[in-house]
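The values are calculated or read from the model by the stated rules, or taken from the named source; none is laboratory data. Worth saying up front: this structure is predicted, and the values here are computed from it rather than measured. Note that each Cβ is placed from the backbone with ideal geometry, even for glycine, and that neighbours are counted across all protein chains shown. Side chains included, ligands, DNA and RNA excluded: accessible areas come from the protein's heavy atoms. Shrake-Rupley method; radii C 1.70, N 1.55, O 1.52, S 1.80 Å.
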Amino acid sequence: MKAVRIPEANQIEILEIAEPTLAAKTEVKVKIKRVGICGSDMHIYHGTNPLATYPRIVGHEVAGEIVEVGSDVQNVKVGDRVVVEPITYCGDCYACNQGRPNVCKEVSVFGVHQDGGMREFVILPESKVHKVNDDISWDEAVMAEPYTIGAQATFRGNVQAGQTVFIQGAGPIGITVLKMAKLRGATVIISDFTNERLAFAKENGADYTINPSEVDTISKINEITNDEGANVVIDAVGLPQTFELSIEVASAAGNVVLLGFNATPSAIAQMLITKKELTITGSRLQTHQFGKVVDYINEGKLQHNGLITHKFPLENVKEAFKFVEENPQLVRKAVITFDE
Ligand code: MN
């Protein structure tokens, strides 16, 4: 079978490897149908993901069909459509005991720390697959993992109906945060320097859009919120200055959620944090978000609605990575398609 491997930074190859077989009674064999290309895959490709090791079969946004199940598998059967939950953890450390295995000291991400789903077949424990309904298309199913990132950010920010949420960045992650914030009943303001992205955010439910190159973000948020500020600010850009702005525009008793892995410090004084008694939280990967996201997908409440802009067959994966790299303004989400 074919597999896509990054042997070392800046190289990508399609390998012929042996088809895997079940090794435990609780495992399932999945025939892969779609794999999304994520920003983090591009970082692995470029050698700029500090967590990745090489060689690596990438792919953590994965949908496929069950083709074989071990004798002890309970919840899925041959023919089921599934999406893959891409994290494994020790189950034993402080974070795991707090119900937060996404920050387990030994967290391992499928396609980052271990080989992932960009191959024709994969063997997984039953516990790592979630069934979607038979009538859900592969293109909708493959978006489950990206939506869990937005689900986690809105969960960490404790987004509630009636609140005003300000999302910085209308790229693919910002859009998943937007969709989840709208499902939680919030009013959403979203900012981006690209009007095309803002127009897409509007189509996906944004109540207000801000292009900081055209209007002053702080005054605009004050105008929208009657000088209250945004109750939850979610930073899907991750620059030192977007963190600073988040603190500035958050309302009293507000939440600020950070998604970035930027190591550059921000210049933030204590005063505003204390005065407004802000809660600042990180949001990494996801915990326990797949069930809810899959329910929304099954109910038709989460649809990609143009979020997938490009599809490439497995054979053209090199062209796909090159295209994504060279056309960041054209590509929202690109997916690799496998034989059906
Ligand atoms: Mn991803």
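Results, tabulated for the structure shown:
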| quantity | calculated |
| --- | --- |
| Those trypsin sites (Lys or Arg not before Pro) in region 1-94 that DSSP places in a loop and that have at most 15 other beta carbons within 10 Å | Lys25, Lys77 |
| Whole-number D in µm²/s for region 285-340 (Stokes-Einstein; Kirkwood sum over Cα pairs; 25 °C, 0.890 mPa s) | 186 |
| Prolate/oblate/rounded label for region 145-193 (Cα gyration tensor, a/c 1.5) | oblate |
| Candidate aspartates and glutamates - alpha carbon under 15 Å from Lys2, same-chain residues fewer than 8 apart omitted | Glu13, Glu16, Glu19, Asp115, Glu120, Glu315, Asp339, Glu340 |
| Normalised alpha carbon radius of gyration of region 148-282 [divisor 2.2 N^0.38 Å] | 0.93 |
| Accessible area of Asp235 in the full protein assembly, 1.4 Å probe (Å², nearest 10) | 0 |
| In range of the label at Glu19: residues from region 45-89 whose backbone nitrogen is under 12 Å from the point 7 Å along Cα→Cβ | 67-68 |
| Set of lysines near Lys77 by C-alpha distance (under 23 Å), chain-local residues within fewer than 8 positions excluded | Lys25, Lys29, Lys31, Lys33, Lys128, Lys131, Lys292 |
| Pairwise Cα inverse-distance average, inverted: Kirkwood Rh of the chain (Å) | 20.7 |
| With DNA, RNA and ligands ignored, accessible area of Leu15 (1.4 Å probe; Å², nearest 10) | 40 |
| Area accessible to solvent at Ser266, 1.4 Å probe radius, in Å² | 40 |
| Percent accessible area from carbon and sulfur atoms, region 88-166, protein chains only, probe 1.4 Å | 44 |
| Region 231-293 - Rg (one decimal) and Dmax (whole number), Cα, Å | 12.6, 39 |
| Where Asp139, Asp41 fall by accessible area, highest first, once all protein chains stay in place (1.4 Å) | Asp139, Asp41 |
| P(r) histogram, all alpha-carbon pairs of region 64-165 included - 10 Å bins from 0, percent | 13, 36, 35, 15, 2 |
| Chain lengthening between Cys90 and Asn222 when straightened (0.36 nm per residue, less Cα-Cα) | 43.0 nm |
| Spacing of the two label points (7 Å from each Cα toward its C-beta) at Ser127 and Glu196, in nm | 4.4 |
| All lysines inside 23 Å of Lys202 as judged from Cα atoms, apart from same-chain residues fewer than 8 positions distant | Lys179, Lys182, Lys220, Lys301, Lys333 |
| FRET E, pair Glu68, His113, Förster distance 25 Å, beta-carbon r, rounded to 0.05 | 0.45 |
| Residues of region 148-282: accessible area per residue with a 1.4 Å probe, Å² | 44 |
| Choice from Glu203, Glu13, Glu214 with maximal GNM fluctuation in the chain (Cα, 10 Å cutoff) | Glu214 |
| Under 15 Å from the Ala269 label point (7 Å along Cα→beta-carbon), backbone N, region 230-248 | 244-245, 247-248 |
| Overall form of region 1-125 per C-alpha gyration tensor (a/c, 1.5; a/b vs b/c) | oblate |
